[in-house]
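None of the figures in this text is laboratory data; all of them are computed from the coordinates on show. Quantities reported herein were computed from a predicted structural model and do not represent experimental measurements. FYI the Cβ positions are ideal-geometry reconstructions off the backbone, even for glycines, and counts take in every protein chain you see.
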Ligand code: ADP
Ligand code: MG
């Protein structure tokens, strides 16, 4: 067996034993204050749909940033897809990040580019041939319910439509894991539901989905795993859980 093959096998074994995502006693301290995360242990398996809920400041976004390796843990280990990501050499980070799609509350679209360009951009970065991009963009836009809006600029779209563009952009490179940090935070109830239903479909098609949210009604209705955070620790982790009222 080649060294490369051996490494791949080791990663596979790690995933089987500990999940696609494994935080092992992870703390993150930004500065002198209280730690943003304080000794978190969390396993997420391939194909799961997980809500992360908790008060503002409880460490949810910090957790997402650690998974993306935008931040590194102060102590403990973060394993993603069998990689101890603190040990990823800098040059390997872009390739690692292709496995992760990310959506934010504020959409983060390129304002001077149209819908097609916003989505195609994600493929240009990784040098997908133009011919393939021309095939892939319409297909992913249809998936998110935006066929026929290619030429619109973000400001000509509703919030719900803008979030669909962001979702298409996050998905076009076929990530194994989709992270969404308060994706419905700027949306009305109808659009919030539509985005969550799309996330559910994406999950049903095989992508592991992690959603940070404050949307109590949706969390309670969807009957997914719910991880609740408070002051940097996980205070509950329930299958088919509910949004827990804190104090
Ligand atoms: P949440 O997403 O749950 O609202 P965050 O992960 O954003 O929480 O923040 C957790 C804690 O870390 C908060 O106390 C916040 O003020 C602090 N924090 C977040 N980002 C930074 C930063 N870049 N520098 C210093 N403190 C930060
Ligand atoms: Mg946050």
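Using Cα pairs closer than 8 Å and at least 6 residues apart in sequence, work out the relative contact order for the range 1-67, in percent.
Normalised by residue count, the contact order of the range 1-67 is 26 percent.
Would you compute, for the Cα atoms of the chain, the largest minus smallest coordinate along each principal axis and list the three values in descending order, in whole Å?
54, 47, 35
Any idea how far the Cα center of the range 30-105 sits from the one of the range 111-151, in Å?
27 Å
In nm, to one decimal, how far is the residue 70 label point from the residue 231 one, both placed 7 Å along Cα→Cβ?
2.6 nm
Mind sorting 244, 40, 15, 126 by how few other Cβ atoms lie within 10 Å of their own Cβ, fewest first?
Ordered by Cβ neighbours within 10 Å, fewest first: 126, 244, 15, 40.
Take every Cα pair under 8 Å in the chain that's 6+ residues apart, average their separations, divide by the length, and report that relative contact order as a whole percent.
25 percent
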